[in-house]
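**Student:** My questions all concern the structure below.
The values are calculated or read from the model by the stated rules, or taken from the named source; none is laboratory data. This is a predicted model, so every value here is computed, not measured. Please note: Cβ atoms are built from the backbone with ideal geometry, for glycine as well, and neighbour counts cover all protein chains shown. Side chains included, ligands, DNA and RNA excluded: accessible areas come from the protein's heavy atoms. Shrake-Rupley method; radii C 1.70, N 1.55, O 1.52, S 1.80 Å.
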Amino acid sequence: MSQERKIASDIAFTPGVKAIQSRKGSRDAYARMESLGGWATTISGDLAEFIGQQTSVFLATANRDGQPYIQHRGGPPGFLVVLDEQTIAFADFNGNRQYITSGNLVENPRAHLFLIDYATQQRFKLWGTARVVEDDRALTDRLMPQNYRARSEQAIVFTVEVWDANCSQHIPQRLEAGDVSRALQSRDAKIAELEAEIKRLSSNR
């Protein structure tokens, strides 16, 4: 973490941000949060569990001129791997081969991960740095989900500096198709079981 940063949330709460917070009346509340320790700087057990359940992530980068870019990455639960309390990695599946994120990270390693779970209405914001690893086949193979139909020629390794959790306000609740399918199958099986029981009881009258 930068030696110039006094508290963790300063990574986002710049002087300009704090000035707006003061003008709009929220600075006192955030100052109290900061006095109590502020945002976390290592991956907790709860966050690691949340990360391991996700099927989607947004990765934000910017080039040397500050031009931002957001890339979506998805995969089966577990495609995001927590390597240690500071590090998250994933196999970068082959796509349209534009390499915008890769190019940005060559010029500017600053990056941001945004995780949102619509089913549980949770979201987490993670600030840090990222790098592309092209020459470590063992790492890429380790990160590839088993039996997932995708190819990867590189990995992205994200080093966490600071993270924060947002409230659930305004997050629409959406369910994964697989979860809905399993729930419907369970419901249909229960209906069939009850119908069979009704038929059995009727035949015993």
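**Student:** Looking only at residues in region 135-166 that are part of a helix (DSSP H, G or I) and not polar (S, T, N, Q), which one is nearest to the chain's Cα centre (by Cα)?
**Tutor:** Only one residue fits best here, namely L143.
**Student:** Additional query: Would you please list the contacts, defined by Cβ atoms under 9 Å and residues six or more apart or on different chains, that run from a residue in region 120-141 that is open to solvent by less than 40 Å² (accessible area, probe 1.4 Å) to a residue that is of a type in the set (D, E, K, R) and not in a strand (DSSP E or B)?
**Tutor:** T140/E134
**Student:** Another question about this same structure. Looking at I171, I191 in this structure, which one is touching a residue at least 24 places away in the same chain (Cβ under 8 Å) and either under 29 Å from R64 (Cα atoms) or open to solvent by less than 80 Å² (accessible area, probe 1.4 Å) (or both)?
**Tutor:** I171
**Student:** Between a first residue in region 94-106 that is at pLDDT below 95 and a second residue that is among the hydroxyl-bearing types (S, T, Y) and open to solvent by less than 20 Å² (accessible area, probe 1.4 Å), which pairs have beta carbons less than 8 Å apart while being 6 or more apart in sequence or on different chains?
**Tutor:** Close Cβ pairs satisfying both conditions: N94/S152.
**Student:** Moving to a separate point now. Criterion first (in a strand (DSSP E or B), aromatic (F, W, Y) and open to solvent by 40 Å² or more (accessible area, probe 1.4 Å)) does F114 satisfy it?
**Tutor:** So F114 fits the description; yes.
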